[in-house]
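The values are calculated or read from the model by the stated rules, or taken from the named source; none is laboratory data. Note that the structure is predicted; figures quoted are calculated from it, not measured. Backbone-built Cβ (ideal geometry, glycine too); neighbour counts: all protein chains shown. These accessible areas exclude ligands, DNA and RNA; they are computed on the full protein's heavy atoms, side chains included. Shrake-Rupley method; radii C 1.70, N 1.55, O 1.52, S 1.80 Å.
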Amino acid sequence: MAWGVWCIYVLGAGVRLWLMNSSGGDFIAKRVEFSTPLNSWKRVEEGVFLYSQGIPVYSGGVFHETPLCLLISSFLIRSWRAYLSLLFVACDLLTAALLAAVAASYSRKQLVEQKKNVDKYSVDALPLLLTSESLWSGVAYVSAVYLFCPYTVASCVAQTTTVFDNLVLATVLVSMVKGYSILFGGLVAVATYQSFYPVCLLVPGIISLVQEKNSISALVKPLLSFAVSLGLLMIMSAEIAGSWEFLEATYGFILAAPDLTPNIGLFWYFFTEMFEHFRLFFLATFQINAFVYVLPLSIRLRRDPILLATALLAFTAVFRSYPSLGNVGFYLALVPMWKHLHPFMRQTFIVGCMFVSTSVLGPIMYNLWIFSGSANANFYFAVTLAFNTAQIFLVTDLLFAYVKWEYQLTHGSKIEVDGSPGRLTLQ
């Protein structure tokens, strides 16, 4: 087993390094599906050059990373330029290992919870009970999916900063499932500082910590750690940048979405067609979509905070202003943790076909539009709309499967109405 795991990691690293050193590396780095105005390494290099020349970095509208990212990137490009590809690969391998650790801790908690509540389950729920074999196979699948998912592989090959964002998110999930309150709050602050949207992970994290420790400190510690850490990061950033101008160029850029370069998201097409006097209203509506599901999902999924966190990551990957396939690949790697829910899922074939077809048609439509001139923006946006619809189908199918599995555990799989067989229908 251990030898097989090592082989997965070595093969994953080999695929990434081979693609980075092939002619396809530059092609992938230019693809809008992976590189956006927020995560493009080319823009980071340009920002570092401007910073080294003493030119204001945030006044040109090119660089939108945080000041701390600018400082760290400047050091890496000056001192580690020859080893940057190895650094990106190492971060991806570490992310896969951390996600496997999340899956392992989650599996142990699931078995303990099942043992505690086994008396409440129906007599015919035996086939639905979790086994250590099925859960531990899911742990191996989590790291394998992350290491070989084309979305995460290509994101690493393109050397996007999404690789580092995914690493921070993986550490957030580890600290959450391990119950490290102060560390969790600090890491969520770092993730929020980098890309804003991970602030929603505070909710599942606090739910998990309160359930585990059952004390008021489990609520206060992560919130206090988050506030203090984020405040310190902001003060340090203002010192590095020399002013608070970076706020508009980073978080203002994320919220206002002024760059309408095509990507896999929903913002660029709508706001290209939008009348200016409607822009603020629809901008607020689109941004609220990334967070409006936090409260209802937290109420329904309060007994499974990791599933809640995964669902929130999926929704933010769909509704953020500048998404990339690297964001999609991250939460897809977590789905095998609920391998036991697959028999209850009804749309896996449709969703799989949609993912494959849109992943193939997306670059084709983009090339027909931009390079050949034989198509237009509607063609490419139709593909991205179908891709995002597939993501919503996947998440809703997973959540409905969880609800059905949970119901059948306590009520059994046989449904009777007035003594005769019945069935549940969703209306």
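Numbers at a glance
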read-out: Measure of compaction for the stretch 142-233 (Cα Rg per 2.2 N^0.38 Å); value: 1.18
read-out: The stretch 328-407 shape via C-alpha gyration tensor axes, a/c threshold 1.5; value: prolate
read-out: Stretchable slack from residue 113 to residue 86, in nm (0.36 nm times residue separation minus alpha-carbon distance); value: 5.7 nm
read-out: Sites residue 407 and residue 356, calculated FRET efficiency, Cβ-Cβ separation with R0 35 Å, nearest 0.05; value: 0.65
read-out: Distance (nanometres) between label positions extended 7 Å along Cα→Cβ at residue 370 and residue 280; value: 3.3 nm
read-out: Span from the the stretch 31-60 Cα centroid across to the the stretch 65-135 one, whole angstrom; value: 30 Å
read-out: Calculated from backbone phi, Karplus (6.51, -1.76, 1.60) coupling profile of the stretch 52-61 in Hz, x at Gly/Pro; value: 5, 8, x, 8, x, 6, 8, 9, x, x
read-out: Over the chain, relative contact order from alpha-carbon pairs under 8 Å, at least 6 apart, %; value: 21 percent
read-out: Compactness of the stretch 226-330, expressed as Rg and Dmax over alpha-carbon positions, Å; value: 16.3, 45
read-out: Solvent-free Debye scattering, log10 I(q)/I(0), computed from the Cα coordinates of the stretch 84-212 at q = 0.12 Å⁻¹; value: -0.55
read-out: In nm, spacing of pseudo-spin labels at residue 55 and residue 232 (7 Å Cα→C-beta vector); value: 3.5 nm
read-out: Debye, to nearest 20: dipole size of the chain, +1 on Lys, Arg Cβ, -1 on Asp, Glu Cβ; value: 780 debye
read-out: With at most 13 neighbouring Cβ atoms within 10 Å, loop chymotrypsin sites (Phe, Trp or Tyr not before Pro) (DSSP) excluded, longest segment of the chain; value: 81-243
read-out: In the stretch 252-317, the trypsin sites (Lys or Arg not before Pro) that fall in loop regions by DSSP, at most 14 other Cβ within 10 Å; value: 303
read-out: Euclidean distance of C-alpha centroids, the stretch 175-223 and the stretch 315-330, integer Å; value: 21 Å
read-out: Positive-end extreme of charge dipole, the stretch 247-321 - chosen from 286, 314, 267 (charges on Cβ); value: 314
read-out: Accessible surface of the chain [probe 1.4 Å, protein heavy atoms]: carbon and sulfur percent; value: 69 percent
read-out: Number of Lys pairs (Cα under 15 Å; 8 or more positions apart or on different chains) in the stretch 1-421; value: 8
read-out: Crossing angle, helix 217-241 versus the chain [Cα axis fit, 0-90 degrees, rounded to tens]; value: 10 degrees
read-out: Cα shape, the stretch 206-262, gyration tensor, a/c 1.5 rule; value: oblate
read-out: MRE, 222 nm, helices only [DSSP H, n ≥ 4, -39500 (n - 2.57), over the chain, to nearest 500]; value: -22500 deg cm²/dmol
read-out: Residue-span extension gain [residue 78 to residue 131] - 0.36 nm each, minus C-alpha spacing; value: 14.0 nm
read-out: Two-decimal log10 I(q)/I(0) for the chain, as the Debye equation yields it once each C-alpha is a single scatterer, q = 0.10, 0.13 Å⁻¹; value: -0.74, -1.25
read-out: Solvent exposure of the stretch 1-421 as accessible area per residue, Å², 1.4 Å probe; value: 46 Å²
